[in-house]
1. Kindly provide log₁₀ I(q)/I(0) values, in the same order as q = 0.11, 0.14 Å⁻¹, from the Debye equation applied to equal alpha-carbon scatterers of region A:4-104.
2. Pairs of Cα atoms under 8 Å, at least six residues apart: use those to get the relative contact order of region A:4-104, whole percent.
3. About the Cα centre of chain A, how large is the charge dipole given +1 on each Lys and Arg Cβ and -1 on each Asp and Glu Cβ? Please answer in debye to the nearest 20.
4. Would you mind estimating how fast chain A diffuses translationally, via Stokes-Einstein at 25 °C and 0.890 mPa s with the Kirkwood radius over Cα pairs, in µm²/s?
5. Normalised by the number of residues in region A:120-426, what is the relative contact order in percent for Cα pairs under 8 Å and 6+ residues apart?
6. Show me, for region A:168-185, the HN-Hα J-couplings you get by feeding each phi into the Karplus relation (A = 6.51, B = -1.76, C = 1.60, θ = phi - 60°), rounded to Hz, glycine and proline as x.
7. Output wanted: per-residue J couplings in Hz (rounded whole) for region A:70-77, from phi through Karplus 6.51 cos²θ - 1.76 cosθ + 1.60, θ = phi - 60°, x for Gly and Pro.
8. May I ask you to order A:384-393, A:194-203 by the average number of other C-beta atoms within 10 Å around their residues, highest value first?
Amino acid sequence: MLDLIFVRENLESVRTALNNRNFPTELLDKFAELDSERRRVIGEADKINQLRNSSSKEIGALMQAGKREEAEAKKAEVSGLKEKQSEFEKLRDEAETQMKYLLANLPNIPAADVPVGADETANVEIRKWGEPKQFDFEVKDHVDLGESLGILDTERATKITGSRFAILNGAGARLERALVNFMLDVHTGEHGYTETLPPFMVNRKSLFGTNQLPKFESELFHIKDEREFALIPTAEVPVTNYHSEEILEANDLPKHFTAYTPCFRSEAGSYGRDTRGLIRQHQFEKVELVKICFPENSAEEHEKLTANAETILQRLGLPYRTVVLSTGDMGFGAVKTYDIEVWLPSQNTYREISSCSNCGDFQARRMNLRFRRAGGAKPEFAHTLNGSGLAVGRTWIAVLENYQQADGSILIPEVLRPYMNGLEKIG
RNA sequence: GGAGAUGUGGCUGAGUGGCUGAAAGCGGCAGUUUGCUAAAUUGUUGAGGAUCAAAAGUCCUCCACAGGUUCGAAUCCUGUCAUCUCCGCCA
């Protein structure tokens, strides 16, 4: 959420930012009018409240002085105020709600160094690691590999649940678990993150805090229950909200969390895409990285977080490239986003395996996450960052495809072998 | 699932209708004192919003949350949520 006063004072640069994001600006067109109306009705409501408060005090004084008749006269006078009061409070609440709706639906302002462009074609590759391996046989994709090895079963998952679900078996399930443990060990042991295991369901307030609501309701799986919980689409939701509604001490910052969770996405708008295999599932596993930090450090923390995610791919020996998303391709709440894309031989291309975003104070303002600098300073909004470190399902795919052998077996990357009971090869 | 209790500021904890944005203590901050540490002592110390060029000042809102009663509510009433205790059930 953008700051009200910031929008008021920078209306044109906000408009430019929306245009660069291919975002409609009609909400913004209503801003000035709504802003002055809001201030007007707040002023009116305050004035009435002030009159009521002072009159009530007078009544109290008169009662105490024993002047009953005067008090009764005053009472009659004040009771006439009630209607007017509730009328203006209603107007005020309405204006506040409308302003909040407007602000809640405006995306974040991209950082100055984000490439301006309409879509993903304007993304800029900033580095590349590893060389795609040349195979001297015809490569198979992860579905063919996994099913012939008996470690992947999509048909039965469809029977049990539905499309876009999968079952991993035997060494396949073990590989998934090995990847999770490997990632968590590196992030906690070497990168200084604190492991956390959050709830897999969250309330609507938390979803608002991390921008899933109000705009992305349809991408969530909602629990049919009067409590209105939803399954988490990413651990970013419960973990970033960890300190919502709090004022942290300066020496509490920065906070670095890593969390392994399943993620649930309805992906309502993507029925035609990636229908085969594990690329796009309604349920997938992810190891997430979340940081809460000082505003002045968030850009640097963003670089480090991205590097932390890349480390996993390097250790696994998986070729990847990192791109910075253009203004037209980046997410709603981000100031700047790096996507890490892993090489998939079967598709002969790089595919997203991690998305690392600096959200600035956008989420912190939504969830009222603040900190106080030493010396009793005014509370300020913290900055929040998040990134996948990594999407485990897609890493599983990348391992199968990049480490496949001519006979259809899978060589297990060295770093994973200790997590797989020393197993060197599947198949 | 059943029965009961409780929800006050960073923390502990007073406060059963008006002078309470809220006693007291702790913590924090600033000063004084002490050779240092520690201690003592004085003062100060919540958040959001409106007004204002800005600051100061003034005003409004907030005692879990949402409603209600009243001229007036932290205080009375209703609902929700959370926590605790006991019983049941379960991993």
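1. Values, matching the q order: -0.51, -0.66.
2. Relative CO of region A:4-104 lands at 36 percent.
3. 920
4. In µm²/s, the coefficient rounds to 100.
5. 24
6. Running phi through 6.51 cos²θ - 1.76 cosθ + 1.60 with θ = phi - 60° gives 9, 10, x, 5, x, 5, 5, 4, 4, 5, 4, 4, 4, 5, 4, 4, 4, 5 Hz.
7. Couplings: 5, 5, 4, 4, 5, 4, 4, 5 Hz.
8. So the order, starting with the most tightly packed, is A:384-393, A:194-203.
The numbers here are math on the coordinates, done by the rules we state, and not lab data. As the structure is a computational prediction, the values presented were derived from the model and not from experiment. Note that each Cβ is placed from the backbone with ideal geometry, even for glycine, and that neighbours are counted across all protein chains shown.
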